[in-house]
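Take a look at the structure set out below.
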Amino acid sequence: MPSSQLGFRKGTIVRNEGHGSIFYRMEVDLPEPVRFVPGQFAMVSGWPGSDPLLPRPFAIFRSGSNAGRHSVEFVYKVVGRGTALLSGLHDGDPVSLTLPLGRGFDLSGEGRTYWLVGGGVGFSTLFPAVDALAHRKAAGFELFLGGRTRDQLPPREWTPGGQAPGRFHLCTDDGTAGFHGTLVDALRERMKGVPAADLARITILACGPHPMLKGLAGLAAGAGVAMQASLENHMACGFGVCWGCVTAIRDGEATAYRRVCKEGPVFDAKEVVW
Amino acid sequence: MTAISLPDLSVNLGGGLSIKNPVMTASGTFGYGLEFSPFYDISRLGCLIVKGLSREPVLGNPPQRIVETASGMLNAIGLQNIGVERFVRDVVPRLEDAGATFAANIYGKTPEDYEAVAARLSEVDALAAIEVNASCPNVKEGGIAFGSSPEGIARLTERVRRATRKPLWVKLSPNVTDVGAIAKAAEEAGADAVTLINTLVGLAVDHRSRRPKLANVTGGLSGPAIKPVALRMVWEVCRKVKIPVIGIGGIQSAEDALEFLLVGASAVQIGTANFRNPRVAAEVVEGIEAFLRTEKIASVAEYRGTLRLP
Ligand SMILES: Cc1cc2nc3c(=O)[nH]c(=O)nc-3n(C[C@H](O)[C@H](O)[C@H](O)COP(=O)(O)OP(=O)(O)OC[C@H]3O[C@@H](n4cnc5c(N)ncnc54)[C@H](O)[C@@H]3O)c2cc1C
Ligand SMILES: Cc1cc2nc3c(=O)[nH]c(=O)nc-3n(C[C@H](O)[C@H](O)[C@H](O)COP(=O)(O)O)c2cc1C
Ligand code: FES
C-alpha cells in the first residue's frame, strides 16, 4: 500500500497556527494519504535556503483524508531557529516531509492497561496512541499530562477521545493546575496501593524531557511496570543512514549504540542506558 | 521526426572503470545504499559509496555525535560500521539485486588493517572500486594519521595497491597545507583516482554550559558551508595530477555538481545533502542531463575542466 510507505513528499501548508502561549499546530496537504503507527515521526523542512540545513523531527500528530484531500498534522513548540522559522510559514507555503519514520509504540499487548505519560510537548507523540486505544474498547488507559505551568499544558480542545473510556490526570510543577509536582511524583502517587498483580499488567508509554523519562524508568522498574519510552536526540537524516542520533542501549553485558530514528524512537525503557 | 541525441553522461574513472554518469553518493552519508531504495531506483546513480568499512565491526563514538552549524553540520560518528564480513555476506547480494554500481570506502587503524579489508573486498566481483579513507578526522588512530603527509599517503597507498587489483581511489583530507603534494603522492603510489574532500575539523561550543556540543569535542564539518574550500582544492589538485579527481563538498544541486566538473573533476559525490532531501542524487543526475541538453553540449567529458580563467 503506497500510503504507509516511506517517502520524501512535497506538501502545502493549509494551517499553521499558534495555540496558547507556546504550541503551534501545522496541517500540510499532501498528494497521497499518510498512514502511521502512533509514535512514528516525520522529518520536516520548509524554510528557504540552507541555514538551518537539516530538517527537524516531529511526531506525526494526525493524518486524514477527506473528499480526495489528504493531510498530515504536527504540533510543535518553538525552541530555536528551525521551529521559529516554521512558525512564520503561511498557508500555501511549501514544505518537504520524509515520513513515516521510526518504530512507534507497541500497543498489541492483550488485556493490558496503558498509562500514557506526556511531559511538555511530549503529548503530541501520545495523543495518536490515545486515539488508537480509545478505538480498541478492550484496552484500558489513563493519560497523564504535565507542564511547568498551566499554560504549558496542551490546549483542552486538542485532548483526544471525547468519549474515550480513559481517565485523565493533569499536573504542573508550580501547582497552577492539577497535581502539584512532576509527572514522576504523580505516577508514584498513582501507584500507591495498586496490588503488584495489577501493576504487572500495566504498560507506561512515555514521551517528554530526558530527566522525566529517566525518573519514570526508575520508578517503573522498581514497581515491576513495563515501560516504552519515546526518546529524542539530534538527528540529521531521520531514516537510519548517518548514525548521528544513536543512544546507548544494553546489549547483554555490553553497551551498544542504536539509532533513535530507526530502532526507535520508542524503546523498552529497561534496555536504555539512562 | 528529428532524432534527439541525448548527452553522453558516462565518465571514465581510470583503472578500467567507466560509470554511467558522474553522480555518486559520499561514504557515511548513504548508509549501505539500500536505505535509499524507497526514494528512487539506486541503479540510476553513477556509483554509490557505502559507509566506511573496517576489519571488525566498530562501535563508534558516544553521543552527542552531530550538531548543526551555519549551512553545515559537524559530525563525530567515529566510523560505526558492521565490519567487512557482514557487508560482503549480507549487503553485497542485495546491492547486486538492486542493480546498483557500488564502491566500498575502507578504514583501518594500521596499514595491515587496510590491506586486509582491501584483500577481502577484492574477492567481491560486483564491487566497482575501493576508496581508501585516509582522512577521517574523528578517529584517533588510522584515518588522518596517514593522510596528512605525502610520505604517509604514499606508504598507505602502496600497501593497499599491492593488496588489490580493483580500481583504487584515495580519499584526501582538507586538513593539510598542501593538498596538491598529497594528491601527487597518492598518484605516484598507484592510486587510480583521488577523492576530495573529506570533512574539515571543526568545533562547536555552548556559551552557557561552557561545554563542547560534541562528546568527541571536535567533529568534521560538511555541507554547503565547505563548498568553496572543496572547489578550490579540487581545482588545485586537477592541475597537479593526471588521474581522475572525484570532487565532494557541499553539493546540493546540479549547479553545484556542474561547478566541480567545470574546475576539472571527473565525477562528484553528494554527502550531507542526502539527509535534507533523500532524492537529491537522482535529481542531480537529471539536472546535469537537462543542462547539457539545453546548452547543446554532447557529453560530460566535453564540459569537464573548461573553466575560463581571467
Ligand atoms: C523523534 C522526535 C520527535 C519529536 N517530536 C516533536 C514534536 O512532535 N513536537 C515538538 O515540538 N518537538 C518534537 N521533537 C523535538 C524537535 O525536533 C526539536 O524541538 C527541534 O528539532 C528543535 O529545532 P530548532 O531549530 O527550533 O532548535 P535548535 O535551534 O536546533 O535547538 C534549540 C534547542 O533544542 C535542542 N534540540 C534541538 N533538536 C533537538 C532534538 N531533536 N531533540 C532534543 N533537543 C533538541 C537543542 O539542543 C537546543 O537546546 C521531536 C524530536 C524527535 C527526535
Ligand atoms: C555523518 C557523516 C559520516 C561520514 N562518514 C564517512 C566515512 O565513513 N568515510 C569517509 O571517507 N567519509 C565520511 N564522511 C565524509 C563524506 O563522505 C564527505 O566527504 C563530506 O561529508 C563532505 O561532503 P558533503 O559536504 O557533501 O557532505 C562522512 C560525512 C558525514 C556527514
Ligand atoms: S538521524 Fe541519521 S541515523 Fe538517525
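What the table shows:
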| quantity | calculated |
| --- | --- |
| Enumeration of residues in segment B:166-180 that are open to solvent by 10 Å² or more (accessible area, probe 1.4 Å) and among the β-branched types (Val, Ile, Thr) | B:Val176, B:Thr177 |
| Any pair with Cβ under 8 angstrom, 6 or more apart, that starts in segment B:235-253 at a residue that is aromatic (Phe, Trp, Tyr) and ends at one that is buried (at least 19 other Cβ atoms within 10 Å of the Cβ) | B:Trp235/B:Val263; B:Trp235/B:Gly264 |
| Residues of segment B:49-67 satisfying the condition of being out of contact with any strand residue (DSSP E or B) (no Cβ under 8 Å at 6 or more places or on another chain) and facing chain A (nearest Cβ under 7 Å) | B:Gln64 |
| Every residue from segment A:219-244 that is away from chain B (no Cβ under 14 Å) and either in a strand (DSSP E or B) or within 16 Å of ligand 3 (Cβ to nearest atom) (or both) | A:Ala226, A:Met227, A:Gln228, A:Ala229, A:Ser230 |
| Residue among A:Leu85, A:Leu107, A:Leu89, A:Leu116 that alone is open to solvent by less than 10 Å² (accessible area, probe 1.4 Å) and at pLDDT 90 or above | A:Leu116 |
| Positions within segment A:28-49 being more than 16 Å from ligand 3 (Cβ to nearest atom) and either surrounded by 19 or more Cβ atoms within 10 Å (Cβ to Cβ) or of a type in the set (Phe, Trp, Tyr) (or both), in sequence order | A:Val28, A:Leu30, A:Val34, A:Phe36, A:Pro38, A:Gly46, A:Trp47 |
| Considering residues of segment B:93-108 that are open to solvent by less than 20 Å² (accessible area, probe 1.4 Å) and part of a loop (DSSP other than H, G, I, E, B) only, the residue modelled with the highest pLDDT | B:Ala100 |
| Residues satisfying the stated conditions in segment B:218-258, i.e. assigned to a strand (DSSP E or B) and within 16 Å of ligand 3 (Cβ to nearest atom) | B:Gly219, B:Gly220, B:Ser222 |
| Top-ranked residue of segment B:288-310 - restricted to ones that are under 18 Å from B:Val263 (Cβ atoms) and free of Cβ contacts under 8 Å to residues at least 40 places away in the same chain, ranked as farthest from the chain's Cα centre (by Cα) | B:Pro310 |
| Enumeration of residues in segment B:68-92 that are at the interface with another protein chain (Cβ under 7 Å from one of its Cβ atoms), aliphatic (A, V, I, L, M) and surrounded by 23 or more Cβ atoms within 10 Å (Cβ to Cβ) | B:Met73, B:Ile77 |
| Unique match (being more than 13 Å from chain B (Cβ to nearest Cβ), touching an Asp or Glu at 6+ places or on another chain (Cβ under 6 Å) and assigned to a loop (DSSP other than H, G, I, E, B)) among A:Ser21, A:Ser71 | A:Ser21 |
| Meets criteria (in contact (Cβ under 8 Å) with a residue 24 or more places away in the chain, within 11 Å of chain B (Cβ to nearest Cβ) and not hydroxyl-bearing (Ser, Thr, Tyr)) for A:Gly264 | no |
| Single residue of B:Ala183, B:Ala163, B:Ala204, B:Ala193 found to be more than 14 Å from the chain's Cα centre (by Cα), touching a residue at least 12 places away in the same chain (Cβ under 8 Å), surrounded by 20 or more Cβ atoms within 10 Å (Cβ to Cβ) and within 28 Å of B:Ala273 (Cα to Cα) | B:Ala183 |
| Odd one out for A:Ser96 among (1) polar (S, T, N, Q); (2) away from chain B (no Cβ under 14 Å); (3) part of a strand (DSSP E or B) | (2) |
| Condition check for A:Ala138: part of a helix (DSSP H, G or I), open to solvent by 10 Å² or more (accessible area, probe 1.4 Å), at pLDDT below 95 and more than 14 Å from chain B (Cβ to nearest Cβ) | no |
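Table: residues versus (1) farther than 20 Å from A:Val130 by Cα; (2) without any contact (Cβ under 8 Å) to a residue 60 or more places away in the chain; (3) assigned to a helix (DSSP H, G or I).
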| site | (1), (2), (3) |
| --- | --- |
| A:Leu170 | no, yes, no |
| A:Thr176 | yes, yes, no |
| A:Leu187 | no, no, yes |
| A:Arg190 | no, no, yes |
| A:Val194 | yes, yes, no |
| A:Thr203 | no, no, no |
| A:Ala206 | no, no, no |
| A:Ala217 | yes, yes, yes |
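The values are calculated or read from the model by the stated rules, or taken from the named source; none is laboratory data. Quantities reported herein were computed from a predicted structural model and do not represent experimental measurements. All Cβ positions, glycine included, derive from the backbone under ideal geometry; neighbour counts span all protein chains shown. In case anyone asks, the SASA skips ligands and DNA or RNA and just uses the protein heavy atoms, side chains included. Shrake-Rupley method; radii C 1.70, N 1.55, O 1.52, S 1.80 Å.
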